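Everything below concerns the one structure shown next.
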Amino acid sequence: MAMSMPLVESILKPLGSAVIIDASHGCMACRGVKKQQSIMTTSAMNGVFFENSEARSELLQLISRDNINR
């Protein structure tokens, strides 16, 4: 994925990008704390989403609202 980012950015020329992934974590469910419904969140942000807290807050607010409406 990291190698394709410069290519994508050179074509699209975005002001920023953000990737947020929620996933179940096998080790949390099977070993250790044994929480069957545990979810891990990983995020990466660059450009305007990394540099500008207002843009980042708006993005996270929109994502949260979208999850509520599902």
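Rule-based calculations on the coordinates, nothing more; no lab input. Because the structure is predicted, anything quoted here is derived from the model rather than measured. Please note: Cβ atoms are built from the backbone with ideal geometry, for glycine as well, and neighbour counts cover all protein chains shown.
Structure notes:
- Stretch gain in nm, segment Gln61-Val19, where the contour uses 0.36 nm per residue and the Cα spacing is subtracted: 13.7 nm
- Placing R0 at 30 angstrom, the Cβ-Cβ distance between Ser10 and Gln37 gives a FRET efficiency of 0.15 after rounding to 0.05.
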